[in-house]
Amino acid sequence: MSKYVNVDDLREIPISDFLARLGHHPVRKSGKELFYHSMLRETKQDTPSLTVWDEGGKWVDRGGPNSTGIQGGSIVQLGLAYWPQLSFVEVLNKIKETCDMQVSMIPAYKPVKPPTEQEQKGYTFELVRTQPVGRNFVLTKYLEERGVLDVAHGHLQEIYYRNRLDNENKNIFYAIGWQNDQGNWEFTNAKGFKSSIGKKGISVIPGNLSHAVLFEGYMDYLSWLKVNRPDPAPTAIVLNSIVQLKNAIERVKGIPTVDVYFDNDDPGRNCTQRLIEAVPQAKDRSGVYGAYKDYNDMLRATMNEGEIQHQRAGPRR
């Protein structure tokens with residue numbers, strides 16, 4: 001067994017290709033997201049919980065982690081969760097060995113059904129209505145738990161939508177939404193499902209034209225806004241998906257001051273590096289939340305610590 005495997009080379013491997021070589025294939029596709037029945041846990045196989053974004057090199061199992069505690073990440077984290085009995089180095093070699101298999105050795109499967117003409121003409125979800133945040137109890141509770149309810153007004157909306165391709169199911173779903181630069185809605189529900197209504201894009205919050213701040217997700221932007229309360233506020237750009245990095249780079253090339261607050265994980269660091277290479281004046285500010293994955297994780301941890309300290313102090317007499 002090789003003692004050295006280039007981890008960067010492994011991250012170039014499409015996760016869907018890696019899973020196919022292990023005999024696992026998506027049960028459906030939505031946009032650029034592939035949905036799998038989790039191969040990491042014992043499940044009822046009725047709802048695909050594992051999602052893969054090949055272009056971003058990310059996966060997440062929304063059903064929760066297995067015994068390893070790993071719930072998402074890059075292809076390396078997937079290998080560690082898939083082979084919990086192996087050491088880190090053994091997992092790297094196992095991934096390399098799997099992806100070096102000859103094509104004839106890859107288990108065969110029936111391809112995902114291609115989209116119909118109707119599906120090609122439009123997007124999966126359509127908007128029914130919007131309303132200000134604070135009216136839907138579940139969504140309000142979600143924003144409270146994320147620590148951003150007090151800064152959400154004017155930035156977020158409660159959106160109600162339906163699946164336009166499912167003619168048998170007329171259910172109306174709800175989520176927290178915000179608009180992107182295409183005039184469409186990005187959204188996340190209280191269970192963590194993320195998607196868009198219409199074409200995806202970056203979100204731009206106008207501000208100081210000589211200073212820009214960049215985030216991967218909107219909750220991170222609101223967390224930063226809550227902690228810093230900048231005056232004047234810089235122009236803020238939210239990727240909404242790391243595949244939108246190129247669009248964000250074009251927006252900030254001519255801005256003198258650019259602060260980058262991407263995730264403290266492999267895809268996030270890779271995006272930061274690519275952005276700084278294209279925009280030399282950009283600065284990596286992720287050290288602010290160095291012990292956490294992102295700005296919102298830090299905010300929530302701080303909130304929890306404050307609550308624990310308050311409980312320990314007990315009521316005043």
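Here is how the numbers come out for the structure above:
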| quantity | calculated |
| --- | --- |
| R0 of 51 Å, Cβ-Cβ distance Arg135-Trp83: FRET efficiency to nearest 0.05 | 0.65 |
| Selection from Ser210, Gln273, Thr302 lying farthest towards where the dipole of the stretch 185-306 points positive, charges on Cβ | Ser210 |
| Ranked by how many other beta carbons lie within 10 Å on average, peptides 87-97, 49-59, 156-166 from highest | 49-59, 156-166, 87-97 |
| Contact order relative to length of the stretch 118-243, as percent, for alpha carbon pairs under 8 angstrom and 6 or more apart | 22 |
| Estimated inter-spin distance, Thr47 and Asn171, nm [label 7 Å along Cα→Cβ] | 0.8 |
| Net dipole in debye of the stretch 220-310 [+1 Lys, Arg Cβ; -1 Asp, Glu Cβ; about Cα centre; nearest 20] | 320 |
| Cα-projected label distance for Lys293 with Val60, points at 7 Å along beta-carbon direction, nm | 0.7 |
| Rough spin-label spacing in nm, given labels placed 7 Å along Cα→Cβ, for Arg28 and Arg164 | 1.7 |
| In Hz, Karplus ³J(HN,Hα) per residue of the stretch 262-272 (6.51, -1.76, 1.60; θ = phi - 60°; x = Gly, Pro) | 7, 5, 8, 9, 4, x, x, 5, 5, 5, 4 |
| Spread of Cα-to-Cα distances over 10 Å intervals beginning at zero, given as percent, for the stretch 18-100 | 18, 54, 26, 2 |
| Length added when fully stretched, Gln281-Leu127, from 0.36 nm per residue minus Cα-Cα | 51.5 nm |
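Computed from the coordinates by the stated procedures, all read-outs in this text should not be read as laboratory data. Computed from a predicted structure; not experimentally measured. Cβ sites come from the backbone with ideal geometry, for glycine too, and all protein chains shown count toward neighbours.
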